[in-house]
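Heads up: the structure comes next, in structure tokens.
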Amino acid sequence: EENLENIKESAKLFVKNKKEFIFDAEHFFDGYKDNSKYSLECIKAAYDSGVRWVVLCDTNGGVLPHEVEEIMQEVTQVIPGKNLGIHFHNDTDNAVANSLAAVRYGARQIQGTFNGLGERCGNTNLVSIIPNLVVKMGFKTGITRSKLKHLTGISRIIDECLNRAPQRNAPYVGESAFAHKGGLHVSAVRKNPACYEHISPNIVGNRRKIVVSDQSGKAGILAQFKEMGLKANLSDSKIAKLLNLVKEREFEGYSYDGAEASFELLIRQALGKLKKFFQLEKFLITDERIRDKSGRLRMVSYANIIVTVKKKKFESEAKGNGPINALDAALRKVLISAFPVLKDVKLVDYKVRILTPNRGTEAVTRVIIESVDKNRNRWSTVGVSANVIDASYIALRDSLNYKLFKTKART
């Protein structure tokens with residue numbers, strides 16, 4: 001009784017001061033399952049005292065969609081849906097599904113976060129909620145259908161601000177959300193995108209991606225040509241050679257699913273349609289483990305390179321906190337002078353995968369790096385070698401070459 005009185009008096013105070021009072025019922029769903037009668041009395045006390053929104057919270061994140069539907073049916077008997085909000089956590093990977101279920105049974109406010117950010121497993125992902133409500137369910141929201149085209153860009157800007165790589169398989173906005181790999185899929189999508197796409201990607205500001213691999217056929221290659229702006233009037237034998245080239249590289253350990261920039265460079269080079277912007281003649285990497293002024297041990301890497309740019313050879317040295325950082329710095333010392341556009345290129349993600357773990361320290365490694373420029377254009381490149389530094393250089397070289405090619409730098 002004391003708690004119910006506190007709820008009423010708190011609500012009345014806000015209403016008296018003409019404030020819009022949102023009553024967050026923490027642990028509501030757990031409380032309801034433990035004592036439904038008292039839980040309903042609590043939220044009704046708030047509503048009867050003038051609260052604008054009663055928000056039902058799944059604080060522990062353990063409720064499931066069918067439970068939400070059952071509970072919402074009871075709640076809406078005492079509080080109108082227009083005054084109900086919901087707040088779910090994603091501990092069972094059901095935050096979006098729970099929110100949509102609640103909306104179907106009357107709730108009209110959804111609390112959530114962009115990209116599902118939040119404690120533990122995160123909160124309801126508004127990036128999924130918004131297009132589901134607007135496109136799939138036909139609801140009118142504060143975000144119109146025409147504004148949905150900004151969704152992918154906003155999602156990625158937020159990840160960039162947080163210095164984390166965007167989730168490739170994120171619904172609607174991920175790099176893989178509208179990606180197609182198998183030959184049959186690619187052929188079908190070219191004829192009728194609805195065969196394998198539930199909406200047109202441009203509705204949410206995303207784009208279709210055709211990934212070429214050893215599973216691809218002629219349709220996949222031709223689709224990629226269109227993406228790259230190349231004429232697709234190649235003979236069947238030429239297309240077969242390109243497919244064989246991709247298969248050979250994948251046999252070596254390359255994977256272009258997620259490294260489309262390297263794939264484009266590979267194809268253009270094979271067709272003789274790629275300029276050589278620079279050529280690394282040799283590099284020497286040394287590592288030193290030293291004590292700093294405070295007496296702590298730390299590693300310092302040094303890179304010495306000789307690189308040819310515009311028919312002239314240059315030697316450069318640099319140090320870094322690791323061999324790849326030092327090599328990158330030494331390259332940039334030379335290349336930025338010749339190609340200033342490279343100044344705004346940043347490496348934002350670096351992944352190493354061991355391809356032959358049974359070979360121990362002789363294992364072949366695959367390195368994928370993701371780069372971004374000042375216009376927030378992102379691209380990924382791949383390198384493979386038994387030497388992790390060499391694999392990293394190959395991926396780094398492709399990244400810089402891709403930027404130079406896209407900006408039509410002069411050689």
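Just so it is clear, none of the values below were taken in a lab; they were calculated from the coordinates. Keep in mind the model is a prediction, meaning the values are calculated, not measured. Quick reminder, even Gly has a Cβ in these numbers, built from the backbone with ideal geometry, and neighbours come from all protein chains shown.
For this structure, a couple of remarks:
- Counting only alpha carbon atoms, the long axis of helix 36-48 and the longest principal axis of the chain meet at about 80°.
- Span from the the range 323-382 Cα centroid across to the the range 131-161 one, whole angstrom: 32
- Taking the charge dipole of the range 2-161 about its Cα centre, with +1 at Lys and Arg Cβ atoms and -1 at Asp and Glu Cβ atoms, the residue from Leu133, Tyr32, Leu4 reaching farthest to the positive side is Leu133.
- Structure-derived Cα extents along the principal axes in Å - corresponding label in (i) 68, 45, 45; (ii) 78, 51, 49; (iii) 84, 66, 44: (iii)
- HN-Hα J in Hz across the range 250-260 - Karplus 6.51, -1.76, 1.60, θ = phi - 60°, x for Gly and Pro: 5, 5, 6, x, 6, 9, 9, 7, x, 9, 5
- Here the peptides 385-396, 279-290 are ranked by packing, the mean other Cβ count within 10 Å, and the order with the highest first is 385-396, 279-290.
- One decimal place: the segment Ile290-Glu197 gains 27.9 nm when fully extended, by the rule 0.36 nm per residue minus the C-alpha distance.
- For Ala386, residues with placed amide H under 5 Å, excluding near neighbours: Thr365
- Reachable lysines, given that their alpha-carbon falls under 17 Å from the alpha-carbon of Lys136 and they are not under 8 places away in the same chain: Lys147, Lys149
- Within a straight-line Cα-Cα reach of under 19 Å, Lys16 can be paired with the following lysines, leaving aside sequence neighbours fewer than 8 residues apart in one chain: Lys8, Lys44.
- Normalised contact order of the range 2-161, rounded percent, pairs of Cα under 8 Å and 6 or more residues apart: 16
- Most positive-pole-ward Cα, Pro171, Ala95, Ala46, against dipole of the chain from beta carbon charges: Pro171
- Over the Cα atoms of the range 2-161, the radius of gyration divided by the Kirkwood radius equals 0.99; this is the Rg/Rh ratio.
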